[in-house]
Amino acid sequence: MVKKLRLRSPKSGIVVPSLGNRMLFLKNCLESIALSPNTYVVFVAPADVAESIENCGELIDLVVKDPGVGLAEAINIGIRALPSSIQYCSWIGEDDLMEQGSIEHCEELLDTNSEAVMIFGGCKYINFEGRTIGVNKSGQWAVPLLRFGPCLIPQPGSLFRRKVFEQIGGLDSNFGWAFDFDMFIRFSKLGKLIHTKKTLASFRWHINSLSVGQRYKSVSEASLVRKRYLPKSLVKISILWESPVKFLTLHAGRFVSFRASNR
């Protein structure tokens, strides 16, 4: 087991939300975070799940009970529970992985760029067994695309300023899938979302993943997010690009799912 060997007080905090149905991958996820030992980890889960993580105890700093009102609110509660000294934060699914050095890399970029509110970078797609099936290599252009196209900013591996997250009121719990997309757009109104070429995390693409298993609902909700921030004069004609964007996003997801099942 990878153990934490902190040399200083943590600057960043990562929330790991769980419903207990993907615990198979939890230890690997926590060990990947522990490769950045000066990171504070909050595990948010139902009470019965939290009681069953003895073998991961050394990798978790705080366990918080999930009130059971949705993933967005579970993440909000986890971030609110971070010590007041934590400056930067994010979350990662229990079946995903952080790349070694990614948290420190993002911390350095946030430290040296006062206009940056969030750092995002490359993200590998891996299948159930952990084999790489693709890589998201989106660039800085993914930020302006948010308003009219698909969300190509990977949330796994991203790191953002806690004070800005608090400023926007946290994640909108009215969304079940696209709350990260909504957060990115609100962040972009307050500062810069900066891309780094470094691969920061791995997203496990499998049917039990929330955004994969319910792909149509996720894509439909993303459309609602885009319309939410359009000028009123453009909402009525947004069908001209919304229908193609939804179709292409669904098609891309099916292609990745095909690759995941055949690797």
Can you tell me which residue among 63, 42 is under 21 Å from residue 163 (Cα atoms) and in a strand (DSSP E or B)? 42
Hits in the stretch 193-231 - residues which are modelled with pLDDT under 80 and either within 18 Å of the chain's Cα centre (by Cα) or surrounded by 15 or more Cβ atoms within 10 Å (Cβ to Cβ) (or both): 206, 207, 208, 209, 210, 211, 212, 213, 214, 215
Given (1) at pLDDT below 95; (2) over 20 Å from residue 180 (Cβ atoms), where does residue 101 come up short, assuming only one miss? (1)
Residue 85 of a type in the set (Ser, Thr, Tyr), at pLDDT below 95, over 22 Å from residue 123 (Cα atoms) and assigned to a loop (DSSP other than H, G, I, E, B): no
Within the stretch 96-175, which strands (runs of 3 or more DSSP E) (wholly inside it) include 2 or more residues that are surrounded by 16 or more Cβ atoms within 10 Å (Cβ to Cβ) and hydrophobic (A, V, I, L, M, F, W, C)? 116-126, 159-161
What about residue 117, is it farther than 20 Å from residue 36 by Cβ, in contact with a Phe, Trp or Tyr (Cβ under 8 Å, 6 or more places away or on another chain) and aliphatic (A, V, I, L, M)? yes
Of the numbered conditions (1) of a type outside the set (Val, Ile, Thr); (2) at positive phi; (3) in contact (Cβ under 8 Å) with a residue 60 or more places away in the chain; (4) touching a strand residue (DSSP E or B) at 6+ places or on another chain (Cβ under 7 Å), residue 13 satisfies every one except a single condition; which is it? (2)
Of (1) in contact with a Gly (Cβ under 9 Å, 6 or more places away or on another chain); (2) over 23 Å from residue 36 (Cα atoms); (3) of a type in the set (Gly, Ala, Ser), residue 134 satisfies all except one. Which? (1)
Would you check which residues across the stretch 176-192 are over 15 Å from the mean Cα position of the chain (by Cα), under 22 Å from residue 123 (Cα atoms) and in a loop (DSSP other than H, G, I, E, B) and list them? none
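The values are calculated or read from the model by the stated rules, or taken from the named source; none is laboratory data. Owing to the predicted nature of the structure, the values given are computational and were not obtained by experimental measurement. For neighbour counting, all protein chains shown are included, and Cβ atoms are generated from backbone atoms with ideal geometry for every residue, glycine included.
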